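Read the structure below first, then the notes.
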Amino acid sequence: MKRIFLPLAAALLAATSCQTSGDAGYGWLKNAIDTSCAQLELTADEIRGTGKLPRSIHSGYEMDFLVRQLEADPATFRDSLRAMAPAEQMGTRRLCGIYDWTSGFFPGSLWYAYEITGKDELKADAIEYTELLDPIRHYTGTHDLGFMIGCSYGNALRLSPADTIKDVIVETADNLCTRFNKEIGCIRSWDFGTWNYPVIIDNMMNLELLFNASRLTGDNRYRDIATTHANTTMKCHFRPDYTCWHVVSYNNDGSVECRQTFQGKSDDSSWARGQAWAVYGYTECFRETGDSTYLHFAENIADMIMSRVKTDDAIPYWDYDAPVLPETPRDASAAAVTASGLLDLSTMSAEGEKYFGYAEKIIRSLSGSEYLAKPGENEGFILKHSTGSLHHGSEIDVPLNYADYYYLESLKKYMALKGISYSDL
Ligand code: GLY
């Protein structure tokens with residue numbers, strides 16, 4: 001199996017390490033890490049005992065704003081809009097239960113903060129909030145099992161190994177495999193809606209759990225399902241310019257029933273987070289398989305992202321085809337996912353410096369005062385200005401737990417590539 005390309009990573013490091021550990025030029029990084037830890041510890045304390053996890057903040061939006069963003073007839077989406085949060089909840093922390101697709105991100109962020117700093121209190125919190133998710137090992141109702149268990153138990157296994165963790169990961173991978181259909185060649189994403197067999201681009205992120213399960217068990221069945229899903233998605237989810245649809249639904253014979261959006265601006269648009277899931281997912285597939293088809297595909301998606309995101313700070317608007325207006329919200333979560341994927345890609349691609357440079361630009365933007373919260377503010381979340389589902393009037397220009405998770409993952413990867421330790425900052 002081909003893994004990280006160390007000679008290239010070393011060359012990259014040498015080429016980019018003009019500032020070294022202890023250098024005052026990394027004050028921004030120390031501030032980012034210390035702020036993140038303070039926010040996570042505050043949140044862990046404030047939600048302790050609720051049995052819930054932090055997701056975002058309660059919000060609500062004017063219909064006119066949504067109409068302007070979607071450039072659509074309001075009649076086509078009015079029914080799908082969610083209600084405004086009650087006045088007394090508006091602006092307060094929104095918690096979620098363990099079966100929410102985002103439940104793994106808060107424990108995962110605690111694990112990354114512990115990994116970066118070595119602080120024992122963060123490890124204790126990470127264990128506590130990871131253990132909350134134990135019942136998910138019996139759940140088969142969504143494809144998001146990779147997010148939920150991979151980010152929580154997957155990081156626990158790396159940082160605090162125990163035999164019991166392996167069982168959770170393998171059991172969950174078995175459950176994810178029950179959602180795979182051999183004729184269609186994909187894992188089914190959702191059980192709601194009127195689609196025959198919906199598969200969303202986000203599902204590429206759940207494959208890591210399957211690769212892990214194969215490594216842990218020596219059974220290639222999991223990884224065969226992962227690569228089959230990746231190959232079908234490569235064939236059916238992408239346009240010639242390497243942008244992708246959000247949802248592809250299949251007929252039972254494997255032909256495509258329809259290609260649509262669910263969270264993007266329109267069926268023809270390029271939803272920002274979808275493009276980010278894609279570049280991250282195919283980079284992961286190359287790392288796991290060494291198949292250069294995935295590498296070239298990831299490079300093409302990365303190049304598309306770098307040419308389509310027009311903002312000065314490299315933080316995309318919520319959809320690449322959204323109208324460019326002063327009120328158009330960004331999606332910091334898409335930026336964080338992209339940065340993390342590109343940092344990995346930078347160690348594998350012959351054009352690694354290009355991808356590293358772009359990821360660094362994103363990380364520096366997210367670490368500035370426009371996006372990084374001040375300690376004690378932002379309801380305990382780390383980043384501001386993400387967009388969950390504008391199409392549904394939901395979580396627009398708010399913090400999101402997955403933005404925080406992929407931001408910390410990016411900081412961790414960035415430090416490893418630059419040879420920076422927290423203790424030297
Ligand atoms: N996986 C759902 C989302 O990206 O919003």
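Since every read-out is calculated from the coordinates, none of them should be taken as a lab result. Keep in mind that this is a model prediction, so the values were computed, not measured. Here the Cβ is made from the backbone with ideal geometry for all residues, glycine too, and neighbour counts use every protein chain on show.
Quick one: 3J(HN,Hα) in Hz for region 312-323, Karplus 6.51/-1.76/1.60 with θ = phi - 60°, rounded, Gly and Pro as x.
Per residue, the Karplus-derived 3J(HN,Hα) values read 5, 9, 6, 8, x, 5, 4, 9, 5, 9, 5, x Hz.
Residues with amide H under 5 Å of residue 257's amide H, sequence separation 5 or more or different chain, H placed in the peptide plane at 1.01 Å from N; which?
Long-range HN contacts for residue 257: 249, 250, 251.
Calculate, axis by axis, the spread of Cα positions in the chain along the three principal axes, and write the results as whole Å, longest axis first.
Principal-axis extents of the Cα atoms in the chain, largest first: 56, 52, 44 Å.
Net charge within 11 Å of residue 167 by Cβ-Cβ distance, Lys/Arg positive one each and Asp/Glu negative one each, not counting residue 167 itself? Working shown, then result.
Details: positive: 137, 166; negative: 134, 163, 171, 174.
Summing Lys and Arg as +1 and Asp and Glu as -1 gives -2.
Step through the table entries 310/384; 182/265; 123/412; 354/374; 384/412; 235/310, compare each Cα-Cα distance with 22 Å, and write down the pairs that go over it.
On the way: 310/384 20 Å; 182/265 32 Å; 123/412 16 Å; 354/374 31 Å; 384/412 20 Å; 235/310 27 Å.
Beyond 22 Å between Cα atoms: 182/265; 354/374; 235/310.
Determine ³J(HN,Hα), in whole Hz, for all residues of region 250-256 in sequence, where each value follows from phi through the Karplus function 6.51 cos²θ - 1.76 cosθ + 1.60 and θ = phi - 60°; x replaces Gly and Pro.
Once rounded to whole Hz, the list reads 10, 7, 5, 7, x, 6, 7.
Taking the simple approach of a point 7 Å from Cα along Cα-to-Cβ for both residue 31 and residue 392, what is their distance in nm?
A separation of 3.6 nm, rounded to one decimal place.
Charges only on Cβ, +1 for Lys and Arg, -1 for Asp and Glu: so what's the dipole of region 291-341 about the Cα centre, in debye to the nearest 20?
Values: 3 positive and 9 negative charges, 9 e Å.
For this selection, approximately 40 debye.
Please state the relative contact order of region 25-124 as a whole percent: Cα pairs under 8 Å, 6+ residues apart? Walk me through the intermediate numbers first.
Values: 69 pairs, mean separation 35.3, N = 100.
That works out to 35 percent.
Normalised by the residues of region 181-270, what does the relative contact order come to in percent, with Cα pairs under 8 Å and at least six apart?
In percent, rounded to a whole number, it is 30.
Would you mind calculating the gained length between residue 174 and residue 64 on full extension (0.36 nm times residue separation, minus the Cα-Cα distance), in nm to one decimal? Before the final figure, lay out each step's value.
Values: separation 110, 0.36 × 110 = 39.60 nm, distance 4.54 nm.
Here the segment from residue 174 to residue 64 would lengthen by 35.1 nm.
Taking GluC sites (Glu not before Pro) as exposed when DSSP calls them loop (any state but H, G, I, E, B) and at most 14 other Cβ atoms lie within 10 Å, what is the longest stretch of the chain free of them, the sites themselves excluded? Present the calculation step by step, with values, prior to reporting the outcome.
Details: sites that count: 62, 71, 88, 183, 327, 351, 370, 377.
In short, 184-326.
What residue among 394, 352, 162 has its Cα farthest toward the positive end of the dipole of the chain, where the charges are +1 on Lys, Arg and -1 on Asp, Glu, each on the Cβ?
The listed residue farthest towards the positive side: 352.
How high is the FRET efficiency from residue 159 to residue 253, r the C-beta distance, R0 60 Å, rounded to 0.05? Please report the intermediate quantities before stating the final value.
Details: r = 44 Å, r/R0 = 0.74.
That gives a FRET efficiency of 0.85.
In terms of modelled amide H atoms, which long-range or inter-chain residues lie less than 5 Å from the amide H of residue 396?
388
Remind me, relative contact order of region 133-237 in percent, using alpha carbon pairs under 8 angstrom and six or more residues apart? Kindly include the intermediate steps, with their values, before the conclusion.
Working: 133 pairs, mean separation 30.6, N = 105.
Reported relative contact order: 29 percent.
Give me a comma-separated list of calculated 3J(HN,Hα) values for region 407-418, in order, Karplus coefficients 6.51, -1.76, 1.60 applied at θ = phi - 60°, integers in Hz, x for any Gly or Pro.
5, 5, 4, 5, 4, 4, 5, 4, 5, 5, 5, 8
Please give the calculated 222 nm ellipticity per residue for the chain, where each DSSP H segment of at least 4 residues contributes -39500 (n - 2.57) and the sum is spread over every residue; nearest 500 deg cm²/dmol?
On the way: 14 runs with 195 residues, N = 425.
Computed ellipticity for the chain at 222 nm equals -15000 deg cm²/dmol.
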